[in-house]
Amino acid sequence: MKKYKFLLVVSLIAIGCMTALIASINEKKVEQAQLNSVPKIDRWETKNEEFKKFYPRQYDSWKQTKESDKIEDMLEKYPELVVLWAGYGFAKDYNAPRGHFYAIEDNRNSLRTGGPVDAKTGPMPTACWTCKSPDVPRIMDEQGDMEYYTGKWAKYGSDIINPIGCADCHNPETMELQVNRSYLDTALKASGEKGLDDLTHQDMRTMVCAQCHVEYYFKKTPLADGKKAAVVTLPWANGTSVEDMEKYYDDMNFKDWTHKISKTPMLKAQHPGYEMWKTGAHGKNNVSCADCHMPYKREGGIKYTDHHVANPLDNMDNSCMTCHRTSEASLLATVNEKRKRKDELHKKAMAQIASAHLEAGKAWEVGATEAEMAPVLKDIRHAQWRWDYTVASHPAFFHAPEEVLRILGTSLEKAGNARIKLAKILAKYGATDYIAPSIDSKEKAQEIVGLPFAKLVEEKKKFKNGLLIELKKEAEKKGIYNPESTKGIEDKTSYN
Ligand code: HEC
Ligand code: HEC
Ligand code: HEC
Ligand code: HEC
């Protein structure tokens, strides 16, 4: 009797397993059929909602980037930044990155992009849109790269409207991974690397991110009709280390702006995330950006790519523990130790560079000559470029811990050299007892650098209550914008 009971239980378990297996196979078949049926999506479809019915899991997880909505005002957190960027847009407004979902919102809202009143006004060029939207490669394809790179950003206010999404990383017709911004391929080849067409699938899992998370500048390029284009260019011709790019900019006498206090011809590092990743343990082992930021996820029998690009430390089980055998807690502790080491040097370098700018300002005031100041300004330029390079590629302390500490070390050295030279100059002109004011709040710092904050906010509000409303209506008429996609989103900024 016992034997039969046992057999019965075994058979029931077996039947149960078979049913589950068949269900899962069926589910997979449906999923596969959906993929094989090659949904009809237009090559240049940029409305992310249009992908939902064919790829619901990828769409839903992509949309979760909406959850990362907090504004972290970096100028409030580190007021020295206002002094470091005096005379440049970043001193007006600079927040930590948020989810991809907010890329368009944040570009429009930033005080850096000003308050255009028509398609031709506003301080920033069209190139400003480049890493914000799948509408960018669409416009480049329709109008040509050079037309895209000409004019002010408001020119495309009713064309570039959907946030970073499907058509940025995929060809919507086949859903193959694809990069549609030509400057990346050009730069890879210029640096002596393989072009995109010769890369592996694993490489592409990084390259789709590298089309945006890289160092770049706007290269002024004269056109046949006398106009000038501002062309997104990656400064990689000498290679991709911080020294290679520094030399590239120095050789062409490039500056992003002239510092308002120290008169230094400055460089602004953008976000060399890819270049830094390459130097770290993961980059060296070709662990791709997607391996950590877009790990596989299971739902029933279905395995798919989690499109919720965010901080992998919030998802360590899927993001890290697939490769690492230590406990989550000890891996996390290691990461946080790296963060602390970086923070220590980062803050020291920032303070040194801010003092150097202010002391240089004093030196000019008391009569220092161009010849005396030239070597000082060179040190300040290089110190700040290097410091910026490590922190602008936000979490490089994790992607490339040793490289970050090395670069911050050289930044501190150069800032120190500048200050030794400045001490001599100040002594020569009888200003030995000058002490740079301490900078303890964003407001105080903006006052020191003479920034008309209230006016900037006023202009921005006018833009948002006027032209912006028109632009959105136009985009809807053109059929490229679905207002439902942004319904109910709270308008978050650093200034309201
Ligand atoms: C930032 C880049 C990026 C964006 C944006 C993006 N994807 Fe992906 N997608 C990837 C990567 C990387 C993979 C993994 C591809 C691989 O290794 O085969 C992937 C895989 C896929 C796959 C293959 C099945 C799977 O889950 O692995 C589908 C389908 C897909 N994505 C749909 C979408 C849709 C729909 C959107 C927009 C809502 C979207 N993707 C937005 C990068 C992106
Ligand atoms: C089309 C350009 C573009 C592409 C492609 C892109 N990013 Fe981004 N990414 C951005 C921009 C712009 C932001 C900042 C958005 C904001 O603050 O509004 C950002 C923000 C982020 C953040 C911060 C998210 C948060 O919640 O704080 C992470 C992480 C990130 N990107 C990783 C990636 C990875 C990994 C890939 C490739 C799989 C990728 N990105 C592809 C432009 C891009
Ligand atoms: C080994 C895993 C791993 C790989 C590979 C990786 N990242 Fe990250 N990334 C992380 C972790 C962990 C963090 C969060 C660190 C922290 O707490 O600030 C992060 C943070 C980021 C952020 C900043 C988020 C923010 O809000 O500040 C961006 C942007 C980013 N990564 C882009 C990339 C890009 C682009 C690549 C490929 C070139 C890449 N990552 C490769 C693990 C990885
Ligand atoms: C696809 C596999 C893979 C994934 C996913 C991965 N790692 Fe790694 N990790 C590696 C490899 C390979 C190394 C290099 C090991 C070596 O050189 O011995 C490494 C090294 C490290 C190191 C030590 C190297 C250093 O930079 O100091 C840390 C810390 C680390 N990983 C943390 C993480 C965290 C945190 C995550 C998730 C956010 C993660 N890893 C995800 C494969 C992976």
(request) Provide a single number: the residues in the range 184-228 that are surrounded by 21 or more Cβ atoms within 10 Å (Cβ to Cβ) and away from ligand 3 (no atom under 16 Å from the Cβ). (result) 1
(request) Would you mention how many residues in the range 250-271 are surrounded by fewer than 21 Cβ atoms within 10 Å (Cβ to Cβ) and among the hydroxyl-bearing types (Ser, Thr, Tyr)? (result) 1
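Residues are listed down the side, and each one gets a yes or a no for (1) buried (at least 16 other Cβ atoms within 10 Å of the Cβ); (2) at pLDDT below 95; (3) touching a Cys at 6+ places or on another chain (Cβ under 7 Å):
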{"residue": "Glu402", "(1), (2), (3)": "no, no, no"}
{"residue": "Asn417", "(1), (2), (3)": "yes, no, no"}
{"residue": "Ile420", "(1), (2), (3)": "no, no, no"}
{"residue": "Ala436", "(1), (2), (3)": "yes, yes, no"}
{"residue": "Ala445", "(1), (2), (3)": "yes, yes, no"}
{"residue": "Gly450", "(1), (2), (3)": "no, yes, no"}
{"residue": "Glu458", "(1), (2), (3)": "no, no, no"}
{"residue": "Gly466", "(1), (2), (3)": "no, no, no"}
{"residue": "Lys477", "(1), (2), (3)": "no, no, no"}
(request) Would you point out the residue of the range 57-78, among those that are assigned to a helix (DSSP H, G or I) and among the basic types (Lys, Arg), that is surrounded by the most Cβ atoms within 10 Å (Cβ to Cβ)? (result) Lys63
(request) Pull up the range 79-90, narrow it to residues that are of a type outside the set (A, V, I, L, M), part of a loop (DSSP other than H, G, I, E, B) and surrounded by 20 or more Cβ atoms within 10 Å (Cβ to Cβ), then point me to the one that is farthest from ligand 1 (Cβ to nearest atom). (result) Pro79
(request) Would you check if Pro395 is of a type outside the set (Gly, Ala, Ser) and within 16 Å of ligand 2 (Cβ to nearest atom)? (result) yes
(message) With surrounded by 18 or more Cβ atoms within 10 Å (Cβ to Cβ) and within 10 Å of ligand 4 (Cβ to nearest atom) as the only criterion, which of Cys320, Cys289 stands out?
(response) Cys320
(request) Within the range 217-254, work out how many residues are in contact (Cβ under 8 Å) with a residue 60 or more places away in the chain and not in a helix (DSSP H, G or I). (result) 9
(request) Could you list, in sequence order, all residues of the range 186-213 that are more than 10 Å from ligand 2 (Cβ to nearest atom) and within 10 Å of Leu234 (Cβ to Cβ)? (result) Thr186, Ala187, Leu188, Ala190, Ser191
(message) Tell me yes or no: at least one residue of the range 359-371 is surrounded by fewer than 21 Cβ atoms within 10 Å (Cβ to Cβ), on the phi > 0 side of the Ramachandran plot and modelled with pLDDT of 95 or more.
(response) yes
(message) If the requirement is being within 16 Å of ligand 4 (Cβ to nearest atom) and modelled with pLDDT of 95 or more, which of these qualifies: Lys378, Lys348, Lys338?
(response) Lys338
(message) Of everything in the range 123-141, what is without any contact (Cβ under 8 Å) to a residue 40 or more places away in the chain and not hydrophobic (A, V, I, L, M, F, W, C)? Give them in sequence order.
(response) Pro123, Lys132
(request) Among the residues of the range 462-473, write down those that are over 20 Å from Gly165 (Cβ atoms), of a type outside the set (A, V, I, L, M) and in a helix (DSSP H, G or I). (result) Lys462, Phe463, Lys464, Asn465, Glu470, Lys473
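The values are calculated or read from the model by the stated rules, or taken from the named source; none is laboratory data. Bear in mind the structure is a predicted one, so any value in this text is a computation, not a measurement. We place every Cβ from the backbone using ideal geometry, glycine too, and count neighbours over all the protein chains shown.
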